[in-house]
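Asker: Sharing a structure with you now.
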Amino acid sequence: MSVILEHLVIGIAVGAVYSIVALGFVLIYKATGVFNLAQGSLLCLGAYICYFLSITVGLPFYVSIILTLVVAFAIGLLIEFVFLRRMIGQSHLAILMITIGLYLMLRGVVLIAWGVYSKSLPSYLSAEPINILGANVLPIFALSLVAAAILFAVFILFFRYTSIGVAMRATQDNQQVAQSVGISVKRVFGMSWAIASLTAAVGGIIVGTILSVGYSLDDFGFKVLPAVILGGLESVPGALIGGIILGVVEHFGAAYLGSWLIGIEDVIPYVILLVLLLIVPYGIFGLKRIERI
Amino acid sequence: MHLPCRTFNETYEQDMAIVRTRLQWILLAAAIVFGLCIPLFTGTYMLTVIITTMSIIIAALGIQILTGYCGQLSVGHSAFVAVGAYSSALLVSQSGLSFWIAVPVAGIAAGLVGLLVGLTSIRLKGFYLIISTLAAQFIIMYVIIHWTSVTGGSFGMSAPAPKLGGIEFATTQSYFYIVFIALLIATYVAKNIVRTNVGRAFIAIRDNDLAAEVMGIHLTAYKLLAFFIGCAFAGIGGALAAHARGVITPDSYTLVQSFWYLGYIIIGGLGTITGVFFGVIFVSALNNGLAMFLSSLSTIFPGAGSLLAPLMLVIFGLVIILFLTFEPRGLAHRWQIFKAYYRLWPFSY
Amino acid sequence: MVSEDKAKLKLEHLHLSFGGVHALIDVSLDVREGEILSIIGPNGAGKTCILNCINGFYRPQQGNIYFEGRDITRLQSHKIAGLGIARTFQNIELFTGLSVQDNLLAGRHFYMTGGLVGSILGGVYLGRTHREEVEQRRAIEDIIDFLEIEAIRKQVVGTVPYGLRKRVELGRALALGPRVLLMDEPMAGMNLEEKEDMARFILDIYEERVNTIVLIEHDMGVVMDISDRVVVLDFGRKIAEGKPSEVKGNPDVIKAYLGKAAA
C-alpha cells in the first residue's frame, strides 16, 4: 500500500513539472491558436540561459533565475516579432510548420553554442529526500509542485479576470473579429509568446536541475503533448490535470513494467493517449465544436 | 496550363496528357538518357550522394501524397521509412529472400503500418492528428531500438546488396541504375495517382472534407488509402536507401528526420510532384555545399567540420521559415513562373 | 407535372437538438417528384439543418428520412450522395485547390470505378481508367457549357469571383447526376442581375436535368415566382405549407416574419 502511495506521490510531483511545460503550450494555443511544436526548444533554451548565467558568468543562483526569466520573456517577444509577426492571419497549419522550423533552428543554435555534452546546474537544493505523505521525495519535486500551483493559480485568474486575458481568448476565437473590436492582435501574440517562454524557462530550470542541461531537453515539448491533448488543447486546468496524469502513468509504467521493457515509460503515454483519443476525440476538457456547413 | 504558340488541344486526350508537345518528349527522353549516363562521369562519393537523394525523393513523394495532397499532416514519416528499411533488411539477411521481392514487400509492410496509424485519422483531424503520427514515430522507433534480438538495437543491422542471377549489384554504379529506375516508376505512379480520380478525391478531402463527403467521396476509405500509399512510398524509399548503405541504425530515423521530410515538401511546394524533386534536391545541394565549404574551412579552423550538423539544422529551419513566409507555394511555383516566362520569350506580353 | 401522391423525399417527425438547443422540432414534410419546393423562414429557423439531416451530416435524434421509399436516416453521407441527392451550400464549399474542371470531375467521383490500380496505370494510353477520364470529361464539359463557365474551366477555384463560384458549386452538384437537388441559398449575396441568371439556371435545370429541387432562399420574390410549393419554418417548427399564394396570406407566417404586433 505504502509503496503504491509513494509511487503516486512521486508521479504527481513529476507530473507537476509536465504540467508547467504543458501550461506554456496551452497558453500559446489558447491565445493565438498556434500549435507550438517549439515549446520544448524554449524550455531547453531557458535551461541553458540559466546555466550560462549561473555557471559561466558566475552570478548567484537566485539572481540568475530571475535574470533567466527576464531574458526568456524577452526571447519570447523577439521570436514572435521576428518569425511569427508576418504570419498573423495565415493558416494554422502554416504557422505550425513555422514552429517546426523554429524547433530545428533552436536545436542547431543550442548545439553550436554549448555543444553536445550536457551540463549541470548548481545544486541549490539538498539531495536529502524529504517526506511528503509518507513518501520520500527529492526537494526539487516539492518545489516544482509549489511552482506549478502558483503558476496555475495565476493563469486561471489571468484568463478569467484581466483584460489582456480576455483579449487573448477573443483572439484565439477569431483574429479578424478581435481586431475589429479594438484588440491589438499583435500585442496578444507578443504577450502570449513572452509568457509561454517564461513558463518554459521555469520548466527548464526545474528539469535541468532534476536531470541535466542538454540539447535533447527540447524533446520535453513532445513528451508533454499527451498531457496537453489529454487535458484538451485550450484548457488551463486541463493542462494541470493532464500533466499530473501523465506523470503518474509514466511513473507507474516505469515502476511496474520497466524491468521487462526498458524505457517503456517514454511510450506508454502515447499508447494510452491514442486509445483514449479514439474514444474522446477532443480530450477530457476540450471543447467539441459543432461543425457547420 | 498554357500551351506554346501554334499548339492546340483538339481532343480531351490531348488536354489531359502530361507530356504534350514534341519538345517535351524530347526533353524527357534527354533527361532519362542523361540520368542513365550519370555513373559514367561521377565519382563514387558523388554517386552515393545522388543515390541517397533519389531514395529520399521516393520517400518524400509519399509524404507529398499523404500531407501535400490529402492534407493529413504526418510528423512521423521517417518512422515509416524505418519500417521499410528494417523490413527489407530483415527479409534479405535473415529470411534469405531476394532483394527484388523484399523491397516491394517492405513497401507493403510500411503501408500496412501506416494504415494502422491512419485508423486514428477517421476520428481525429488537424492538430489532434499530429499526435497520432507523433505517437507512431515514437512507438515504432521504440520497438526498433528495444527489440535488439531482431533489429540489433542501437547498433543497427546489415542490409546486403542485391543479386540478380549471378550478378551482385555491389558497386555503387550498378546500384545507381536500380534506384534510378525505381525513381522513374515511383514518379510515374505518383503522378498518375494524383491526376486521376483518386488524387482528386485526396485534394477534395484536403480542401473541404465535409463537402467531399456530401459529394460522395468515402472519407474513411480515401484517408486510409492515402496513408497506405504515402507510407508504402516511404517504405520503398527506405528499403532502397538501406541496401545502398549496407548498414542501418535507428538514429537515421528520428523525429528531426521526419521534420526534414515535411521541410522538403514545404520548400518544394505542397501538392505538386515536381515540388518534391525541387525540395529534396535543393536541400541536398545545400547540405553537401555546406559540407564542402566547412571541410575546406577546417584546414584553417580545425574542428569546423563538426559544425556541419548543427549549422545545417539552423539553415534548414531558417529556410523552411523563409519559404513559408515569402513563398508558401514553394520552388515549384517559381518554376511555373519561369516556364511561363520562357514560353513567350522574347515576346512576353 | 407534380404528382400529388408520390413523395420523392419524405421526412417524418424529425427532432434535432444540440445540447439543450432544439434545432428541429417534429418536422415532417414531403418533397414530391417533379416539383420545386422552397423552404423559407427567418434566420436560425432550422432550414439548413433540414438539408444537413437529409445529407446525413447531422443525425436527427428522432424521426426518419425516406428517399424513394428507402430509409436513409442512418446512412453515411457519401452513400446518400450515391443514391442521387446532391446539394449546394450556403457559404460556398468548393475544393479551393482544384481547378473548376476538376471540381466538377470530383463531382463525377461516383462514375469512376477504376480505383487505385486504374489510377496508377491511367497514364498509359489505354486502359479503362483513361477511357473513363475522357468519358467523364465529356460529361462535365456539357455542364460547363450549360452553366456558361467555359472561360474559367482551368482556373483554380480559389481565384474565381464569388458569383461564378456559386455557379461552379451548382455545376459540381449537377455533375453528380442527381435525382434530387438541394440548394441552400443559391442567391445569397448576389446582385439583381446575378440573381436573375441564377433563377434562369434553376428553371433550366428543372426543365432539362433534375425534376425535383429543394430550395432554401430568402428572396421572397424569387421564391414566390419559381416554387410549386413553400414550407415555412420558425424556431425549428413547421408553421405553414402550401402553394405560394396560400402561404403568403397565412397569419402565422406574417407573424413569424414581422413580429407579433403585425398579426
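Asker: Within the range A:60-107, which residues are within 14 Å of chain B (Cβ to nearest Cβ), in a helix (DSSP H, G or I), of a type in the set (Val, Ile, Thr) and more than 18 Å from the chain's Cα centre (by Cα)?
Answerer: Listed by number, the residues that qualify are A:VAL82, A:ILE95, A:ILE98.
Asker: Let me ask another. How do the pairs read when you match residues in the range A:103-114 that are farther than 16 Å from A:GLY76 by Cα with residues anywhere that are surrounded by fewer than 24 Cβ atoms within 10 Å (Cβ to Cβ) and among the β-branched types (Val, Ile, Thr), using Cβ under 6 Å and keeping only pairs 6 or more apart or on different chains?
Answerer: A:GLY108/B:VAL314
Asker: Looking at the range B:328-348, can you tell me whether even one residue there is without any contact (Cβ under 8 Å) to a residue 12 or more places away in the chain, within 20 Å of B:TYR45 (Cα to Cα) and part of a helix (DSSP H, G or I)?
Answerer: no
Asker: Being in contact with a strand residue (DSSP E or B) (Cβ under 8 Å, 6 or more places away or on another chain), in the same structural domain as B:PRO162 (by TED's automatic domain parsing) and more than 28 Å from A:LEU225 (Cβ to Cβ): is that true of B:LEU90 here?
Answerer: On the way: in contact with a strand residue (DSSP E or B) (Cβ under 8 Å, 6 or more places away or on another chain): yes; in the same structural domain as B:PRO162 (by TED's automatic domain parsing): yes; more than 28 Å from A:LEU225 (Cβ to Cβ): yes.
For B:LEU90, the condition - in contact with a strand residue (DSSP E or B) (Cβ under 8 Å, 6 or more places away or on another chain), in the same structural domain as B:PRO162 (by TED's automatic domain parsing) and more than 28 Å from A:LEU225 (Cβ to Cβ) - is met.
Asker: Mind telling me which of the residues A:LEU261, A:LEU230, A:LEU257, A:LEU225 ends up being farther than 21 Å from A:PHE141 by Cα, surrounded by 24 or more Cβ atoms within 10 Å (Cβ to Cβ) and within 13 Å of chain B (Cβ to nearest Cβ)?
Answerer: Details: A:LEU261 fails: surrounded by 24 or more Cβ atoms within 10 Å (Cβ to Cβ); A:LEU257 fails: surrounded by 24 or more Cβ atoms within 10 Å (Cβ to Cβ); A:LEU225 fails: farther than 21 Å from A:PHE141 by Cα.
Result of the check over A:LEU261, A:LEU230, A:LEU257, A:LEU225: A:LEU230.
Residue-wise test of (1) surrounded by fewer than 17 Cβ atoms within 10 Å (Cβ to Cβ); (2) not acidic (Asp, Glu).
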| residue | (1), (2) |
| --- | --- |
| C:ILE140 | no, yes |
| C:GLU148 | yes, no |
| C:VAL156 | yes, yes |
| C:VAL160 | no, yes |
| C:GLY177 | yes, yes |
| C:GLU185 | no, no |
| C:MET198 | no, yes |
| C:THR212 | no, yes |
| C:LEU215 | no, yes |
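Asker: Sticking with this one: Can you name every residue in the range C:17-46 that is among the small types (Gly, Ala, Ser) and within 14 Å of chain A (Cβ to nearest Cβ)?
Answerer: In the first step, residues of the range C:17-46 are kept if they are among the small types (Gly, Ala, Ser); the result is C:17, C:19-20, C:23, C:28, C:34, C:38, C:41, C:44-46.
Within the range C:17-46, C:SER17, C:GLY19, C:GLY20, C:ALA23, C:GLY44, C:GLY46 meet the criteria.
Asker: So, one more: Quick one: is C:GLN76 outside the structural domain of C:GLY221 (by TED's automatic domain parsing) and surrounded by fewer than 19 Cβ atoms within 10 Å (Cβ to Cβ)? First the steps, then the outcome.
Answerer: Working: outside the structural domain of C:GLY221 (by TED's automatic domain parsing): no; surrounded by fewer than 19 Cβ atoms within 10 Å (Cβ to Cβ): yes.
No; evaluated as a whole, the condition is false for this residue.
Asker: What do you reckon, is A:VAL154 at pLDDT 85 or above, more than 14 Å from chain B (Cβ to nearest Cβ) and within 30 Å of B:ALA309 (Cβ to Cβ)? I'd like the intermediate steps shown before the answer.
Answerer: Numbers: at pLDDT 85 or above: yes; more than 14 Å from chain B (Cβ to nearest Cβ): yes; within 30 Å of B:ALA309 (Cβ to Cβ): no.
No; evaluated as a whole, the condition is false for this residue.
Asker: Would you tally the residues in the range C:184-226 being under 16 Å from C:GLY41 (Cβ atoms), more than 13 Å from chain B (Cβ to nearest Cβ) and in contact (Cβ under 8 Å) with a residue 60 or more places away in the chain?
Answerer: Result for the range C:184-226: 9.
Asker: Which one of the conditions (1) outside any loop (DSSP other than H, G, I, E, B); (2) at pLDDT 90 or above does C:PRO178 fail to meet, given that it meets all the rest?
Answerer: Going through (1) outside any loop (DSSP other than H, G, I, E, B); (2) at pLDDT 90 or above one by one, C:PRO178 breaks only (1).
Asker: Let me ask another. Looking only at the range C:102-158, count how many residues are part of a loop (DSSP other than H, G, I, E, B) and either modelled with pLDDT of 80 or more or not assigned by TED's automatic domain parsing to the domain that holds C:GLU169 (or both). Even if it seems obvious, please write down each step before you answer.
Answerer: Start the filter on the range C:102-158 by keeping residues that are part of a loop (DSSP other than H, G, I, E, B), which leaves C:108, C:112-114, C:122-127, C:147-149, C:153-155.
Checking which are either modelled with pLDDT of 80 or more or not assigned by TED's automatic domain parsing to the domain that holds C:GLU169 (or both) leaves us with C:108, C:147-149, C:153-155.
Residues flagged as part of a loop (DSSP other than H, G, I, E, B) and either modelled with pLDDT of 80 or more or not assigned by TED's automatic domain parsing to the domain that holds C:GLU169 (or both) within the range C:102-158 amount to 7.
Asker: Among the residues of the range B:342-349, are any at positive phi and among the aromatic types (Phe, Trp, Tyr)? Reasoning before the result, please.
Answerer: Let us first name the residues in the range B:342-349 that are at positive phi, namely B:349.
From what's left, among the aromatic types (Phe, Trp, Tyr): B:349.
Scanning the range B:342-349, I find at least one residue that is at positive phi and among the aromatic types (Phe, Trp, Tyr), so the answer is yes.
Asker: Let me ask something else. Are there any helices (runs of 4 or more DSSP H) wholly within the range A:133-228 with 3 or more residues that are small (Gly, Ala, Ser), and if so which?
Answerer: On the way: elements: A:139-161, A:163-173, A:175-180, A:185-210, A:220-223.
In the range A:133-228, A:139-161, A:163-173, A:185-210 are the helices (runs of 4 or more DSSP H) which contain 3 or more residues that are small (Gly, Ala, Ser).
Asker: Sticking with this structure for a sec: Enumerate the pairs (first residue in the range B:178-196 and at the interface with chain C (Cβ under 9 Å from one of its Cβ atoms); second residue anywhere and assigned to a helix (DSSP H, G or I) and charged (D, E, K, R)) with beta-carbon separation below 8 Å, excluding pairs fewer than 6 apart on the same chain, so at least 6 apart or on different chains.
Answerer: Final answer for the pair search is B:THR196/C:GLU133.
Asker: Could you tell me whether B:GLY279 is part of a helix (DSSP H, G or I), touching a helix residue (DSSP H, G or I) at 6+ places or on another chain (Cβ under 6 Å), more than 14 Å from every other protein chain (Cβ to nearest Cβ) and modelled with pLDDT of 95 or more?
Answerer: Details: part of a helix (DSSP H, G or I): yes; touching a helix residue (DSSP H, G or I) at 6+ places or on another chain (Cβ under 6 Å): yes; more than 14 Å from every other protein chain (Cβ to nearest Cβ): no; modelled with pLDDT of 95 or more: yes.
Against the criterion (part of a helix (DSSP H, G or I), touching a helix residue (DSSP H, G or I) at 6+ places or on another chain (Cβ under 6 Å), more than 14 Å from every other protein chain (Cβ to nearest Cβ) and modelled with pLDDT of 95 or more), B:GLY279 does not qualify.
Asker: Quick check on the range B:69-80. Is at least one of its residues away from every other protein chain (no Cβ under 14 Å) and not in a loop (DSSP other than H, G, I, E, B)? I'd like the intermediate steps shown before the answer.
Answerer: We begin by selecting, within the range B:69-80, every residue away from every other protein chain (no Cβ under 14 Å); these are B:80.
Next, only the ones that are not in a loop (DSSP other than H, G, I, E, B) stay: B:80.
Checked the range B:69-80: at least one residue is away from every other protein chain (no Cβ under 14 Å) and not in a loop (DSSP other than H, G, I, E, B).
Asker: Here's something else I'd like to know. Does B:LYS163 satisfy the criteria of being within 14 Å of chain C (Cβ to nearest Cβ), charged (D, E, K, R) and closer than 27 Å to B:ALA244 by Cβ?
Answerer: Numbers: within 14 Å of chain C (Cβ to nearest Cβ): no; charged (D, E, K, R): yes; closer than 27 Å to B:ALA244 by Cβ: yes.
So B:LYS163 does not fit the description; no.
Asker: Could you say which residue among A:SER123, A:SER118 is over 25 Å from A:PHE25 (Cβ atoms), of a type in the set (S, T, N, Q) and away from chain B (no Cβ under 14 Å)?
Answerer: Numbers: A:SER118 fails: over 25 Å from A:PHE25 (Cβ atoms).
Being over 25 Å from A:PHE25 (Cβ atoms), of a type in the set (S, T, N, Q) and away from chain B (no Cβ under 14 Å) holds for just one of A:SER123, A:SER118, which is A:SER123.
This table checks each residue for (1) modelled with pLDDT of 90 or more; (2) closer than 30 Å to C:HIS78 by Cβ; (3) surrounded by 22 or more Cβ atoms within 10 Å (Cβ to Cβ).
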site	(1), (2), (3)
B:GLY152	no, no, no
B:ILE167	no, no, no
B:ALA201	yes, yes, yes
B:ASP207	yes, yes, no
B:ALA221	yes, yes, no
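Asker: Does A:SER2 fit the bill of being closer than 30 Å to A:TYR256 by Cβ and among the hydroxyl-bearing types (Ser, Thr, Tyr)? So that I can check it myself, show each step before the final result.
Answerer: On the way: closer than 30 Å to A:TYR256 by Cβ: yes; among the hydroxyl-bearing types (Ser, Thr, Tyr): yes.
Spelling it out, A:SER2 is indeed closer than 30 Å to A:TYR256 by Cβ and among the hydroxyl-bearing types (Ser, Thr, Tyr).
The values are calculated or read from the model by the stated rules, or taken from the named source; none is laboratory data. In this text the structure is predicted, and so the values were computed from the model without any measurement. Glycine gets a Cβ as well: all are built from the backbone with ideal geometry, and neighbour counts include every protein chain shown.
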